[in-house]
Amino acid sequence: MASLRIVLILLFLAGINLTGCANVAPWERGVLAKPEMALDPNPLQSYMRSHNFGSREAAANTNATGGGGGCGCF
Amino acid sequence: MGADGKQAGWRSQRIASGCPSRDIQSCRISTKNKSLQALTSAAMVLPGLMLQPAQGAEVDADSFGFQYYRYQEGKRNLYNVPNKLDPIMADVIHATGRLSLTDRVKFNFGYTRDTWSGATPVTSAPLAANGNRPILQNTPSGTVVSGASPTVNNRVLLDRDLNPIARDPLTGEVLGKDTRTVEILSFASPEVRNAADFGLGYEWNEAALHIGGGLSVEPDYESSFGNVSGRLDFNQKQTSLKFGLGYTSSDISAILDDDLVPYLTRDAFADQIKNRDGSEIFIGDRQDFTANLGLTQILTKQSLVDVSIGYTHSDGYLGNPYKAMSVIFVDPATLSDNPDALIVGDVRALMEQRPGNRNQLAVSTKYVQHVSPLDAALHLDYKFSYDDWGIHTNTFTMDWVQPLGYGWTITPRIRYFSQGAADFYDPYLITQQAFNSNAVDASGREIWVDSNNPDVEYFRDDNFNLLDSNGNIVDESMLNVQPKIIPFDAEELPDDFSSDYRLAGFGSLSGGVTLSKRFAKGIKLQAGFEYYTRQSSLKLGGGGGTSFSDFDFYVANAAITIDIEKLNFSDSLGGGSSGLHAEHDTQAHQTHQAHQHGGALPAGVMNGHMLHKAGEFMFGYSYMHARTGGDILHGDNAASDQQIVTQGCSDDTNCRFAPSYMNMNMHMLHIMYAPTDWMNLMLMPKFVDMNMNLRELEGRPPPQPGVHEHSGAAGHTTGGVGDTVMSSLVKLFNVPGHRMHLGLGFSAPTGDSGLEFRRVFQIDGGLVHFGMQLGSGTWDFLPSLTYAGDYRRWSWGAQLNGVKRMEDQNESGYRLGDIFQATSWGGYRLTNWLSASVRGIYTVQGDIHGDFNDFNGRAGPMDFPSNHGGQFWDLGFGVNAAVPRGKFVGNELSFEWLQPIRDDVNGYRLERKSALAATWRYHF
């Protein structure tokens, strides 16, 4: 799992790096707080889409909080 | 970060959670710091502005959501025969809720119900093997191909290079090389999945922790899962670090297809297959461990980025017990020396074999950019995943979220996906050995065995006498002697193999659009459509070579979300400039509202509620579970099996089966709106599923060849969208203590009334029993008259309602009987939030008019029109809880247990056991 270790290190470094450079003050985040700027603006649809794609494709996920999707046997 | 910063974070989070009206005073008092004051007032002006963790807006909003979607596949190409099987279709309802129990403790739940059925590939094989055998039908205009029936064991001709050779299916004439592959489809009976999950979260100022778990239940697959996830915010919440861990444990208990089992080679799983009630059941289990780590970072005032990595380890049975691999056995002994001679391949279906573990790694990045000139947001996603099965995938998604004003938002999206094949994927395999061969001893003599005692070997002499190992003649009249068979050598096949098209190499393109409208009261309606096409040729870096598996699907969805935060926020804003006054006004209004809706309405009463103020909304959900089982009644007496056999069906048909039980689940949504104070409009979509099993009647007539027999452990299941009711309620009078209203409704036949059983053992199943169809199939008129009264703690009411079928017959040639129901109830308020009720119900329903206009199995009383309807008496016991004030005011939850007292049925019918009704209503 060398690749996992590398990605983790990169992620950590990226985190430190980004912490250093960004400076958007709280009162400058009006645009970021708009509903369309949410990381997932349509969670209900995302649930549906990931279920559909998951039962028709063999890709892995980056979300650990799901689970128990059934066998998708159809 | 300094103490000030921390405090700012905490305060603004209170604002972020809508600054519930009861907390507005404390919010105001503690706003000493000027910048904080500025921030607070900005937040009041612009409800969206809040100091969020970096992952964006509205993650913590208290809300309820409900969505319905339909997944519909297109027909797959079978090349030489028409595909008449309905492709896979799934109806899904999905409800979620997120509630703040305190400012810091959040509770969430979710519920999903899927029903699906349709034709799906079992395996793939050379087209020349004719795996989809044409079903011929004689019609006045000659013999036509009416469909295809799957045959997984076949002979196929091959040339010396093992290329399949096509032959004319009728004349047998050799047509030449045909290397095309085709999927062999089998029809899956309807199946239902229920899943529920719950979670509890705790929010700190700059961190969050969430634990969750749930259960997903299908007849053949049960999984339970748990997870823990968290978030750390730092750098003034410009950066969020997220992590999650999850574990899923699944048990598989799959009833192997009775129609397929005789042709399915399942030796590799012999110790995992059990016999039960004449069916073979595959038993397996699997575990999945997941871990993920992510980072969200605000880049500029208008953009943010999210990077996540996920790892999944799975072990156990990771295959699909319904999928097989076609293996062509070429017996070297049959090869002739002539290089032009064709080879006969023996095509067999083996249960697929996948590795016992899998490790998957995925990395995804998401970039969100606000496009100021258009006030839109661009979402770009890319995901790469790789696993040790050799599958690598790339996914690109682009969403454009465009607000249009007046609460409307349109989101077009496009997605491209590509995956490489699993190492062990093949459309079919060829092996150079015989599937079975007769055993011979060292001297070349054929070995025979007694099937009752296979360890003792026998031989035959030239006169076909049976000899034991010492050469003595044996009397075989008492033995069951057969040649000793040696099966193929599994070692010569790969360890793992699968022809599941989902493990093949392919690409896909999909596009869709979502339209949503946000209303002032925090309600959001949403509708979406997406079309997906799988194309082998779209695979990244070259074609996947599996174009025979190409298919397409579309998904249409409709959703409603109710944002409780928005609701309270706007209420308190509307209440005036003073937070205290706002609180008072809101409460006064809401308490008033709660009173106005009167006493306890039992959960099972439909159309019993009216909104009395123009502009009010009600959103509700009802669940009803009804069980029948026990005796078959004739009138109000239990009938004997013999009586049912001879009299329960028709004059010229004896009954063979009777239902042993039938359960019905119905989910109903109520969306109600009061355009004026004297009339309400209501829309009630329904989603139903039913399951039933049959028992063989004693003294039944013997099975006939060509007639569908019910066999095996599996019962019948149907499910999907039911009929949709649209109604209006008209107020007749409303004086203190007494209310009466008239309901005029129509039921639209959106539920299927032409469901058919799948073809089993080459025999058509025909139309499913009357009582298992999802809808009436006719437009129905639903009048009702409701009176309700209350005095102090007491409440009472009565309702007359009916169903009048407005058409003579539905698509299947019959119509259900009309219904009349009278009910009355009394209730008592135990506390200011809890009341109890008792109810009596009388129902009369006519029998079915007309009859099936297409083939039906006529297996038992449930298949005959005169055995439906009757008179029914029930008692209902209910409790009703209503939230009288506070944040969740307007929520009402009620349950009612319905106990049958007496049944007087038409003809022969299964006795009713009990029913449960549960209703949640929310008015605002």
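Annotations
Residue-by-condition table, conditions (1) over 28 Å from residue B:404 (Cβ atoms); (2) crowded, with 19+ Cβ neighbours inside 10 Å:
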position	(1), (2)
B:505	yes, yes
B:508	yes, yes
B:513	no, no
B:518	no, yes
B:522	no, yes
B:526	no, yes
B:529	no, no
B:534	yes, yes
B:539	yes, yes
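- When residues in the range B:223-244 are screened for being within 9 Å of chain A (Cβ to nearest Cβ) and either at negative phi or among the small types (Gly, Ala, Ser) (or both), 13 of them pass.
- The range B:303-326, subset closer than 24 Å to residue B:283 by Cβ and charged (D, E, K, R), residue nearest to the other protein chains (Cβ to nearest Cβ): B:323
- Residue within the range B:435-451 that is closer than 30 Å to residue B:546 by Cβ and buried (at least 16 other Cβ atoms within 10 Å of the Cβ) present: yes
- Restricting the range B:417-451 to residues that are within 12 Å of chain A (Cβ to nearest Cβ) and hydroxyl-bearing (Ser, Thr, Tyr), the residue that is nearest to residue B:329 (Cα to Cα): B:425
Yes/no per residue for (1) surrounded by 21 or more Cβ atoms within 10 Å (Cβ to Cβ); (2) touching a helix residue (DSSP H, G or I) at 6+ places or on another chain (Cβ under 8 Å):
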| site | (1), (2) |
| --- | --- |
| B:629 | no, no |
| B:640 | no, no |
| B:652 | no, no |
| B:671 | no, no |
| B:677 | no, no |
| B:689 | yes, no |
| B:697 | yes, yes |
| B:700 | no, yes |
| B:716 | no, yes |
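- Single residue of the range B:494-528 satisfying the filter (more than 11 Å from every other protein chain (Cβ to nearest Cβ) and aromatic (Phe, Trp, Tyr)) that is farthest from residue A:45 (Cα to Cα): B:497
- Filter result (over 27 Å from the mean Cα position of the chain (by Cα) and among the hydrophobic types (A, V, I, L, M, F, W, C)) within the range B:330-361: B:330, B:333, B:335, B:341, B:342, B:343, B:344, B:347, B:349, B:350, B:361
- There is at least one residue in the range B:185-198 that is more than 30 Å from residue B:324 (Cα to Cα), in contact (Cβ under 8 Å) with a residue 60 or more places away in the chain, within 11 Å of chain A (Cβ to nearest Cβ) and buried (at least 19 other Cβ atoms within 10 Å of the Cβ).
- Top-ranked residue in the range B:864-881 [being small (Gly, Ala, Ser) and crowded, with 21+ Cβ neighbours inside 10 Å; ranked as farthest from the chain's Cα centre (by Cα)]: B:870
- Test: residue B:247 is more than 14 Å from chain A (Cβ to nearest Cβ), assigned to a strand (DSSP E or B) and farther than 30 Å from residue B:82 by Cβ: no
- Those residues of the range B:479-510 which are touching a helix residue (DSSP H, G or I) at 6+ places or on another chain (Cβ under 9 Å), outside any loop (DSSP other than H, G, I, E, B) and within 30 Å of residue B:555 (Cβ to Cβ), in sequence order: B:501, B:502, B:506, B:507, B:508, B:509, B:510
- Matching residues in the range B:159-175 - criterion: being in a strand (DSSP E or B) and either modelled with pLDDT of 90 or more or over 27 Å from residue B:426 (Cα atoms) (or both): B:164, B:165, B:166
- Some residue of the range B:380-395 being charged (D, E, K, R), closer than 29 Å to residue A:25 by Cα and either free of Cβ contacts under 8 Å to residues at least 24 places away in the same chain or outside any loop (DSSP other than H, G, I, E, B) (or both): yes
- Within the range B:54-158, strands (runs of 3 or more DSSP E) holding 1 or more residues that are surrounded by fewer than 20 Cβ atoms within 10 Å (Cβ to Cβ), in contact (Cβ under 8 Å) with a residue 24 or more places away in the chain and within 11 Å of chain A (Cβ to nearest Cβ): B:63-73, B:89-100, B:105-126
- Flag if residue B:400 is within 27 Å of residue B:155 (Cα to Cα), touching a strand residue (DSSP E or B) at 6+ places or on another chain (Cβ under 6 Å) and either within 9 Å of another protein chain (Cβ to nearest Cβ) or surrounded by 14 or more Cβ atoms within 10 Å (Cβ to Cβ) (or both): no
The values are calculated or read from the model by the stated rules, or taken from the named source; none is laboratory data. Fair warning: this is a prediction, and the values are worked out from it, not measured in the lab. Positions of Cβ are generated from backbone atoms using ideal geometry, with glycine treated the same way; all protein chains shown enter the neighbour counts.
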